[in-house]
Amino acid sequence: MRFGPVEITDRLGRNVILRNAEISDAEDLIRYLKVTTSETPFLIREPDEVRLTREQEENFIRNNIDAERELLLIATVDGKHIGNCSLMSVGPYKRYAHRCDIAIALYQEFCGCGVGTKMMRTVLDLAKEAGYEQAELEVISDNKRAIALYRKLGFEKFGCFPRNMKYTDGTYSNADWMMKRL
């Protein structure tokens, strides 16, 4: 799906550009994955598990651009990539056509500035326009900041995945399954 560019302003008065990822963003997106996975325990990978090649990332971006109902939305400030929000179908089957998955992550230095809220609202509006009837996501149960954002946007918790993630130190985290009707 193609989107943008659209300019918004964050709480600090910075101009933020929202647009779909382009092939030329591949290296930035790989670097983003490596950094964000080391900044927070709330993402699904360990930093050493980010092993994507440029070609793999370019193919992923191309597939999102070509898809009618999927989007990899990125945010930039002064040309610097600061975060992503994705819209993905749950599956290719007719019985799942009403459902989509949403995921978001920002570099920590850009959290709390309103960018995540604006990205999520943008993606949720696009999901509804694309014909989805409900948006779903998983969030680590201890990620209170993200849960507060999702609740503010109308998501409700409908279940819990106990011991969803196991960390390298042997500890576990549960994950909440949240959904919003569009």
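The values are calculated or read from the model by the stated rules, or taken from the named source; none is laboratory data. What you see is a predicted model; the values in this text were computed from it and never measured. In this analysis, Cβ positions are derived from the backbone assuming ideal geometry, glycine residues included, and neighbour counts consider all displayed protein chains. Protein only, heavy atoms only, side chains kept; ligands, DNA and RNA dropped before computing areas. Shrake-Rupley method; radii C 1.70, N 1.55, O 1.52, S 1.80 Å.
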### Task
Determine the share of the stretch 20-148's accessible area contributed by carbon and sulfur atoms, expressed in whole percent, with a 1.4 angstrom probe.
47 percent
### Task
Divide, for the chain, the radius of gyration over alpha carbons by 2.2 N^0.38 Å, where N is the residue count.
1.00
### Message
Rounded to two decimal places and with Rh computed the Kirkwood way over Cα pairs, what is Rg over Rh for the stretch 1-91?
### Response
0.97
### the stretch 157-170 - phi-based ³J(HN,Hα) in whole Hz, Karplus 6.51/-1.76/1.60, Gly and Pro as x
7, 10, x, 9, 9, x, 6, 4, 10, 10, 8, 4, 7, x
### Task
Pick out which of Ile23, Ile140, Ile74 has the largest mean-square fluctuation in a Gaussian network model of the chain, springs linking Cα atoms closer than 10 Å.
Ile23
### Message
Report the Cα-based extents of the stretch 60-148 along its three principal axes, largest first, to the nearest Å.
### Response
40, 31, 21
### Task
May I ask you to list the GluC sites (Glu not before Pro) in the stretch 50-88 that are in a DSSP loop and have at most 13 other Cβ atoms within 10 Å of their Cβ?
Glu68
### Query
If contacts are Cα pairs under 8 angstrom and at least 6 residues apart, what is the relative contact order of the chain in percent?
17 percent
### Query
Counting other Cβ atoms within 10 Å of each Cβ, which chymotrypsin sites (Phe, Trp or Tyr not before Pro) in the stretch 77-117 have at most 10 and sit in a DSSP loop?
Tyr93
#### Entry: Accessible area of the chain divided out per residue, in Å², using a probe of 1.4 angstrom
55 Å²
### Task
Find the Rg to Rh ratio for the stretch 67-116, where Rh is the Kirkwood radius over alpha-carbon pairs and Rg uses the same atoms.
1.11
### Task
Show the residues, 5+ positions off or on another chain, whose built amide H is closer than 5 Å to the amide H of Asp101.
Met88, Ser89, Val90, Glu136
